[in-house]
Amino acid sequence: MHSHKPLCLSGSGLTKVFGLGRTKTVAVDRVDFEFHEGEVISIVGESGSGKTTLAKMLLGLINPTEGEIYFQGQKRDISTQKKKQEYWKNTQAIFQDPFSSYNIFSKIDTVLLDCIHMRGGRKLPKEQKIALMTEACGFVNLKFAELTNKYPFELSGGQMQRLMIARIFLLKPKILLADEPTSMIDACSRATILDYLMKLRDETGMTLIFITHDIGLAYYVSDSVYIMERGKFVERGSADDVILRPKQPYTRRLINDVPKIYEEWDLSTV
Ligand SMILES: Nc1ncnc2c1ncn2[C@@H]1O[C@H](COP(=O)(O)OP(=O)(O)O)[C@@H](O)[C@H]1O
Ligand SMILES: [Mg+2]
């Protein structure tokens, strides 16, 4: 569906091995992938299938044992701290636990100002910075005036999740990776967060990668789905092809583990 769009992130033969000898674990085993600009991708697999290890390699937090990662078609080079910082401007992540995303000693103003500074806005006049922070908070239905001078831990879980998205609004990364983004929160805020992420994708054209064990979520949000089993991609394709017409027994099993997904869709036709 997005194959006409330029490549944003791709990989070939990407492998991560932990340990040596008898304690060796091949967490990610020679995976190939092509993610395009503006595409929404889900990587789906059971616990232990290698999803987080892959995510960490994509983010440049751990080095692959073998294989290559390409950013916008060029071999990714994060060999120096400076190049890493540059890569992280384009590649951001949000994690399950909103608490882990913040330095607890930073006020909300500082959290948001840091994002503006990271995007090269350090020299902007104060009023313009406040206007940007107000806009970012408004995007997720928060009021900046009510947050100023507070600490993240003074917010509710839902507000903290939304602040996390306000940060992404300011950072405008090319790639956003969400590892099990919504499992910690209730179904209602989960849908809201997903809506904000999709809206942000529509507005900025970022590539959105969901890492999840929830194949229902994958069907709901993705253009493309990659199914991961024991470190390998066993099936990949459009969300419709993979989830409505699965070829692999493993994919069928993941679908059967969530028997409700089709019943839920049927409610809309009642
Ligand atoms: N730092 C590590 N050292 C050794 N083994 C690891 C490490 N991180 C992950 N693993 C192993 O790699 C495999 C994949 O783990 P992980 O990527 O966390 O899977 P998932 O996110 O799909 O649950 C598991 O067998 C896990 O025990
Ligand atoms: Mg994981």
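The values are calculated or read from the model by the stated rules, or taken from the named source; none is laboratory data. Because the structure is predicted, anything quoted here is derived from the model rather than measured. For neighbour counting, all protein chains shown are included, and Cβ atoms are generated from backbone atoms with ideal geometry for every residue, glycine included.
Just give me the residues in the range 19-56 being within 13 Å of ligand 2 (Cβ to nearest atom) and closer than 19 Å to T207 by Cβ, in sequence order.
Residues satisfying the conditions are I43, V44, K51, T52, L54, A55, K56.
For I62, work out the one condition from (1) under 21 Å from K83 (Cα atoms); (2) within 10 Å of ligand 1 (Cβ to nearest atom); (3) crowded, with 19+ Cβ neighbours inside 10 Å it doesn't fulfil.
(3)
Is it the case that D109 is within 16 Å of ligand 1 (Cβ to nearest atom) and touching a residue at least 40 places away in the same chain (Cβ under 8 Å)?
no
Hand me the list of helices (runs of 4 or more DSSP H) wholly inside the range 144-237 holding 2 or more residues that are more than 25 Å from R252 (Cα to Cα), of a type in the set (V, I, T) and away from ligand 1 (no atom under 15 Å from the Cβ).
Because the criterion is at least 2 residues that are more than 25 Å from R252 (Cα to Cα), of a type in the set (V, I, T) and away from ligand 1 (no atom under 15 Å from the Cβ), the helices (runs of 4 or more DSSP H) in the range 144-237 that meet it are 157-171, 187-204.
Which pairs have Cβ atoms under 7 Å, sit 6 or more apart or on different chains, and link a residue in the range 128-144 that is free of Cβ contacts under 8 Å to residues at least 40 places away in the same chain to one that is in a helix (DSSP H, G or I) and aromatic (F, W, Y)?
Every condition considered, the pairs that remain are M133/F144; T134/F144; A136/F169; C137/F144.
State the number of residues belonging to the range 36-51 that are more than 18 Å from L7 (Cα to Cα) and buried (at least 17 other Cβ atoms within 10 Å of the Cβ).
Residues in the range 36-51 being more than 18 Å from L7 (Cα to Cα) and buried (at least 17 other Cβ atoms within 10 Å of the Cβ): 5 in total.
Hey, among the residues in the range 11-32 that are outside any loop (DSSP other than H, G, I, E, B) and free of Cβ contacts under 8 Å to residues at least 40 places away in the same chain, which one's nearest to T251 (Cα to Cα)?
Among them, the one singled out is T25.
Return a yes/no flag: does the range 115-124 have any residue that is away from ligand 2 (no atom under 16 Å from the Cβ), touching a residue at least 24 places away in the same chain (Cβ under 8 Å) and in a strand (DSSP E or B).
Within the range 115-124 (the criterion being away from ligand 2 (no atom under 16 Å from the Cβ), touching a residue at least 24 places away in the same chain (Cβ under 8 Å) and in a strand (DSSP E or B)), the answer is no, since none of the residues qualifies.
This table checks each residue for (1) closer than 24 Å to T15 by Cα; (2) surrounded by fewer than 18 Cβ atoms within 10 Å (Cβ to Cβ); (3) at pLDDT below 90.
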site	(1), (2), (3)
A187	no, yes, yes
R201	no, yes, no
T207	yes, no, no
H213	yes, no, yes
I243	no, no, no
Q248	yes, yes, no
R252	no, yes, no
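Out of the residues in the range 33-65 that are in a strand (DSSP E or B) and over 11 Å from the mean Cα position of the chain (by Cα), state the one that is nearest to R252 (Cα to Cα).
If we take residues in the range 33-65 being in a strand (DSSP E or B) and over 11 Å from the mean Cα position of the chain (by Cα), then V44 is nearest to R252 (Cα to Cα).
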